[in-house]
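What follows is a set of notes on a single structure, which appears directly below.
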Amino acid sequence: MSQSEDIAAQTPSLTNHDRQPIHIPGSIQPHGVLLALSNDLEIVQVSSNTQEYLGKAPEDLLSQPLSYLLDARQVEAIKQGLVKKFSSTNALKVSIMTASGERYFDGIVHRTEDAVILELEPTEFRFELSFASFQSLADEAIAKMQNTSNLAEFLHVVAEQIREITEFDRVMVYQFDHNKAGSVVAEAKREDLSPYLELHYPATDIPEQARELYTRCLLRFIPDLQAQRVKLVPIENPTTHQPLDLSLSILRSFDDCCVEYHQNMGVTALLVISLIQEQQLWGLIACHHQTVKHISYETRNICKFLGRIVSLELTHKVTQSELDYKVKLQSLQSEFIKSISQVDNFIDALIKPEIRLLDLVGATGAAVCLDNEITLVGVTPDIQQVQAIIEWTNSQVSENLFVTDSLAKRYPEAVAYKDTASGLLLLRISQVLRYYIIWFRPEVIQTVHWAGNPNESIQVQADGSLTLSPRKSFENWQETVQLTSLPWQQCEVDSALALKNAIVGIVLSKADELAKINLELERSNRELASFAYAASHDLKEPLRGIYNFSTVLLEDYAQVLDDDGIECLETVVSLAMRMETLINALLRLSQLGQAQLRLQTIDLNELLNQVIDVFRASYNNCELADIRIPRPLPTIQCDPVLVNEVFSNLISNAFKYTDKAQPWVEIGYIGEAGEMGRWGDGEMREMREMREMREMRGRITNTQLPITNYQLPITNYQLPITNYQSPIPNPQSPITFYVRDNGIGVPEHHMETIFRLFKRLHSQEKYGGGTGAGLAIAKKIIELHSGRIWVESTVGVGSTFYFTLE
């Protein structure tokens, strides 16, 4: 952390200079006169030196109309200027008759909220500087400034030209950084003076109130810091009973801290020109002179004009390397955004190739965080440290963009990995979904040259409070800055924001497309369900005819048929029976697609007893049917008829698809604490590992439409704006039921396909035949209950079917 940052952190506790109302000092500098006027141009306040300049005492001027002092032509000119409001300050030449004769002044008029202020500076010139004279003085300086190719050269010419015009001993161009500290980036001076070029100054050297005044008042002139300040009479505005606001006053006096600060630098006269970029105070042109220095109002006006020219040119006079870097970032950004909008896998698009994501902001490492999944790129902290950073930013940072070049200053734990993440740029794409992209930069140890020890400005009082006082020395003072990376440039921050906007735009575009697809699928669902029901219902009648006539032929005409004919008819009857079974399954599934749940509070123990009783009555080897229930099942909300069908299908399949002499089935559930029947810790751990492996293989992290293997009816497609998760729920979910057996098992590549309609893994001759519709019907019933069903299995050992009912 640098000294400027350390001092900036203490600034809120400073008690003196930064709290002084420097815009209402109640006094002016002595090289001119101030008159405060009412809206009717009646004199309500004056500076106490009017006798010296105007030959009239303050009490003689108060409550008098302005026409008492100026002739009608001059009063009218002031009125016209105020009506037009053509600028914040308006200048005019003023002549006033005094006891010693006619005197000439530069008159500067501006309006405040409560008063009109007229300031008069004595001048030897009766007439205003002509435009030709003004142009000739400014043209040469502007031409030289325009004939530069980069920012450093441009600012050096600015300093030289301002010094040539003003003849000050030293002219510096002073630039602020993001911490409001500053450094001298250009300098023109007398050869015998020590250089200040590249020296740094802490933020406290120019307090916040002074910065605000520099932003509003673009030129500040103090010809003599040792001059006696002149009080206003009366000290407060008699109308408002408040001090007079002198924010825009050219004669506004200075405070003691300003005097001491500059005297410690050996400065007596001061001229400061503000440099504004994008309505922010970019820097200052500071002119110092070791002796009293008066310059005319016209010369100051030329300096102010040149300051405006410099402000306009700042955005254009960037170094070629900066320009090339910005062009590179914009090109990379365009290519990057184009690629992520065209690919299916979002993460792959971000991190492949790795260098592209890093180059987008000039980082050495990055982390792409989509919910709980973190992908690291380049040189980064480890995943646990990245997770800790995210948790810290969630609690401490409300903005969607967080940028720092010294993470350890805000988050002390980051000291442990300063070599990889001293600088951090965090982009929050979605706080609800916990989507982040984080870039990292390593620590870069730097040596900073200060104009004197910045710590000398802060003094600790007896009561522990902090006060600001001017430094005594401005000699070169070196500091080693640690725990800090190279600063993030604004173009890099803009590049990160553009990436976020692009991602949001792409997601919204995908969502719009998927919404249209969803509507189309809903319509198709209804049509297909209606078709399936009608087709299955209407097919039954001709099928029944085929079966009946075939049976009649076998019974009544067998004697006239040979063996081949009889065999063919028996095949027709068998196929008709199978066809009817398939049609019944299709009809049942289509009915479920249009069914309304009849939810009731059901004791699953009673329901399961009914299922088991029916099963034992129909199972040939009922004495071998070992059905285990380790603990009582809970009471839940469900449709009892449909859930009965689920358990019936799963139990019958368990005993149907087995090759064991002593088949068994275990039925239970995983409770809130994750306890599962009689299973031990090892079995639970094995189940979790199997689940995690399945998640790694099955996780879909893109926006590709998973519309494959249509089933009848097609269930409503949900918009996959967020990442798909594996269909395997967490064992810690509230209630997950299971039916476990010791049957033949299911090969891994069939664990999804067995839930498709009419999907059998064996021929009709094996394991009692069947339609292959039971699991599809069970899946549909569970989905109607907003649940999910999946299987874990080992071939030759057995299977466990899990399902949830929400």
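The values are calculated or read from the model by the stated rules, or taken from the named source; none is laboratory data. Computed from a prediction, not measured in an experiment: that's the story for all the values here. Cβ sites come from the backbone with ideal geometry, for glycine too, and all protein chains shown count toward neighbours. We work out accessible area using only protein heavy atoms, side chains counted, and drop any ligands, DNA or RNA first. Shrake-Rupley method; radii C 1.70, N 1.55, O 1.52, S 1.80 Å.
The simple Förster model, with R0 at 56 Å and r as the Cβ-Cβ distance, assigns Ala558 and Glu373 a FRET efficiency of 0.20.
Taking a ≥ b ≥ c as the square roots of the eigenvalues of the Cα gyration tensor, an a/c ratio of 1.5 or more together with a/b no larger than b/c marks the stretch 191-235 as oblate. Taking all protein chains in place and a 1.4 Å probe, what share, in percent, of the accessible surface of the stretch 369-432 do carbon and sulfur account for? Summing carbon and sulfur atoms, their accessible area is 47 percent of the total for the stretch 369-432. Once the Cβ-Cβ distance of Gln263 and Asn147 is raised to the sixth power relative to R0 = 35 Å, the FRET efficiency obtained is 0.40. Heavy-atom accessible area with a 1.4 Å probe sorts Met145, Met265, largest first, into Met265, Met145. A simple packing score, the average count of other Cβ atoms within 10 Å per residue, orders the peptides 96-109, 483-496, 171-184 as 171-184, 483-496, 96-109, with the highest score first. For the pair Arg756 and Gln637, the difference between a 0.36 nm per residue extended length and the Cα-Cα distance amounts to 40.2 nm. Tell me the carbon and sulfur percent of the accessible area for the stretch 209-323, rounded to whole percent, probe radius 1.4 Å. Carbon and sulfur: 50 percent of the exposed surface of the stretch 209-323. Compared with the direct C-alpha span, the chain from Thr123 to His749 gains 215.6 nm at full extension, assuming 0.36 nm per residue. May I ask you to list the residues of the stretch 52-86 whose amide nitrogen lies under 20 Å from a point 7 Å from Cα along the Cα→beta-carbon direction of Ser100? Answer for the stretch 52-86: 52-61, 69-70.
Exceedance of the 30 Å cut-off in Cα-Cα distance is limited, within the set Lys93/Lys293; Lys500/Lys780; Lys189/Lys304; Lys656/Lys780; Lys189/Lys317; Lys328/Lys418, to Lys500/Lys780. The solvent-accessible area of Val791, taken with every protein chain present and a 1.4 Å probe, is close to 0 Å². Annotation for Asp256 and Arg356: the two label points, set 7 Å from Cα along the Cα-Cβ direction, are 6.5 nm apart. Were the residues from Gln280 through Trp392 laid out at 0.36 nm apart, the gain over their Cα-Cα distance would be 37.2 nm. With the simple spin-label model, which puts each label point 7 Å out from Cα in the Cβ direction, the Ser296 to Ser334 separation comes to 5.3 nm.
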